[in-house]
Amino acid sequence: MLIHPWRPHDHGDLGCPYRDGMARTDAPTRLPRTVVAGIWVLAVLFNVALLTFFALYTTADEWAVDRSEATGAFDPSQLLPHEGLLWLVAHAALGLLVVLDGVGVAVLVRERRKRTVARRARVAPPAGTESTPGSAAAAGVPLP
């Protein structure tokens, strides 16, 4: 039987944590900052690799076209092999890189917004509590 953790399924009394579907407390936790930093470093390296590939492809293609036109007559044997496929792959990689970077920035902004909202919820005094200049609530200390 194929087990899908996002769908409830019946295992009887086997002690399966997904017996009644995933509980809210079983939701994934936030990744440590070192892991997130490592992911961003890999994303930057991926950007550098793809942009380098695109720059090298563009330069090689320009040189090949110049070489094929240098004799006065067009010589197709001087062009890059599979020129159309290389062009398609280079431009698709560049487009996907832009999309991946956009998704990464959107996730980063969303996580920071969630973190800011959570921090404000911890620091904000409860409703109906007055904050005087010398009180703990005015200093930003959460009240018990």
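Flag not set for Val41, criterion: over 13 Å from the mean Cα position of the chain (by Cα) and either assigned to a helix (DSSP H, G or I) or hydrophobic (A, V, I, L, M, F, W, C) (or both). Within the stretch 59-101, being open to solvent by 40 Å² or more (accessible area, probe 1.4 Å) and closer than 30 Å to Gly38 by Cα holds for Val89, His91, Ala92, Leu94, Leu96, Val98, Val99, Leu100, Asp101.
The values are calculated or read from the model by the stated rules, or taken from the named source; none is laboratory data. Predicted model only: the values in this text are computed from it and were never measured. These area figures cover heavy atoms from the full protein model, side chains too; ligands, DNA and RNA do not enter into them. Shrake-Rupley method; radii C 1.70, N 1.55, O 1.52, S 1.80 Å.
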